[in-house]
Amino acid sequence: MESVYEYIYAVKSLGSFTKAADHLHISQPALSIAIKKLEQELNYAIFDRNTNPTTLTPAGEIILSHIEKIMLLESNTKAALNDLDSMTSGRLMIGGTQYITAFILPDIIFRFKEKYPQIDIEFIESSSANLADLLINNKIDLMFSVKSFDASKFTFFKSFTDYLYVAIPKKLIGESLIKEYILTRQDVISNLHEALRSIPSLEDLKSIPFLLLREGNNLYDRSKMLFEVEGISPPITMSLDQLTTAHYLCKSGMGATFTTGQLIKQIDDHENLVYLKVDHPLMTRNFKIVVNKNRYRSNIMNAFIKEFQ
C-alpha cells in the first residue's frame, strides 16, 4: 500500500499529525507534506486541521473507505498466500476478555499448539466493544463474545456454554432457608449442570450484599435482569471490571456474586464459598467465536474454530 495511504490511516486512527508521525517513525513535516501533496493532486482537503482531534472532511471519508478496502485486500491476499504453507507457519491473533484468555483458552491453545507447533498465537485482552473495533479493522483474527453483533459485518461460530451460579461466602448464609439448596465446589465439579438442584427463589438473598460487574458488562445486565425477575434489590457493595476479581473478593467474604462453573472448578475456594444454581435462561451464556465477514478466513483460523466444534 502506498505510504501516503498509511499516513492518512494513521492520522485518522490517532487523531493528530504529531501522534501519527511518532507512530510511523517519520518527521511531522514529512507526513504533512506527503498528505498535502495528495490533497493538491485531488483538489480536495482530506483533513480538517482546525479540529481537535483532527477529523476527516467528506472527501477524506470517501478516501479512507477506499484505503480500508485496499488494506483488507492486502490482508486477505497475504492470508491466502500463507495458506500455501499448509499450517507450517503463520500467526493467529485472538481477542477476548481476561476471563476468556485466562480460564477458557489455555487448554484449547495447548491442544492446538501440539497439533500446529509452528503457529504463533497472541492474545489481546479487552472489552467486547473494543475487540469488535479491532476485528473490523483487522487487528485481530477472531474474538470470543456472548453479545449480539451486526450479522452483516460478522460471522459467528459456536464455541462453548458457560453456566452461571450465585457464589456466597459461608459466613453470610446464617439461618437462611436456602441451606437445603446449597452446592459445594465438589458438587459443581462432580455433576452435570443439569443434574444439580436449583433454588426456587432468590427471595432469601434480598438482604445479602452483592459484588457486581460494572454497567455495560454483559454479566451486569444479566444480574440486574435476574434481580428484577426475582423481585429483589439486594445492596451492591462494589462494582468491578473483572469477573475473576469479583470471585476472589467474594471468596474473601465481602459479598455474594455471580460466577461461572469454570471459575468454580479452577479456583480452590471450598473453605469459604458455597453456591446456588438458579434455573433461568439468564444463567446460561452461549459464547460465540466472532470473525470479520469480509476477512479471508485462513486455514489457521478454520483449524482453531474446529477445536470447538
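The values are calculated or read from the model by the stated rules, or taken from the named source; none is laboratory data. Please read these numbers as outputs of a predicted model, since none were measured by experiment. Don't worry about glycine lacking a Cβ; one is built from the backbone with ideal geometry, like all the others, and counts go over all protein chains shown.
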Which numbered condition Ile173 misses (of (1) free of Cβ contacts under 8 Å to residues at least 24 places away in the same chain; (2) over 30 Å from Arg295 (Cα atoms); (3) not basic (Lys, Arg)): (1)
Select from segment 267-287 the residues that are farther than 17 Å from Ile182 by Cβ, in contact (Cβ under 8 Å) with a residue 40 or more places away in the chain and more than 20 Å from the chain's Cα centre (by Cα) and list them in ascending order. Asp268, His280
So the check is Cβ under 6 Å with 6+ separation or different chains; which pairs have a first residue in segment 81-104 that's surrounded by fewer than 19 Cβ atoms within 10 Å (Cβ to Cβ) and assigned to a helix (DSSP H, G or I) and a second one that's among the hydroxyl-bearing types (Ser, Thr, Tyr) and modelled with pLDDT of 70 or more? Asp83/Ser298
Among the residues of segment 127-138, are any in the same structural domain as Gly216 (by TED's automatic domain parsing), closer than 25 Å to His247 by Cα and touching a Lys or Arg at 6+ places or on another chain (Cβ under 7 Å)? no
Flag for Ser145 being of a type in the set (Gly, Ala, Ser) and either closer than 28 Å to Gln266 by Cα or in the same structural domain as Glu74 (by TED's automatic domain parsing) (or both): yes
For segment 14-51, give me each residue that is within 24 Å of Asn137 (Cα to Cα), exposed (fewer than 13 other Cβ atoms within 10 Å of the Cβ) and among the hydroxyl-bearing types (Ser, Thr, Tyr). Thr51
Restricting segment 13-59 to residues that are within 23 Å of Asn130 (Cβ to Cβ) and aliphatic (A, V, I, L, M), the one nearest to the chain's Cα centre (by Cα) turns out to be Leu14
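Among the candidates Leu202, Leu226, Leu243, which residue alone is at pLDDT 95 or above, outside the structural domain of Lys147 (by TED's automatic domain parsing) and within 15 Å of Leu164 (Cα to Cα)?
Details: Leu202 fails: at pLDDT 95 or above; Leu243 fails: at pLDDT 95 or above.
Answer to the selection: Leu226.
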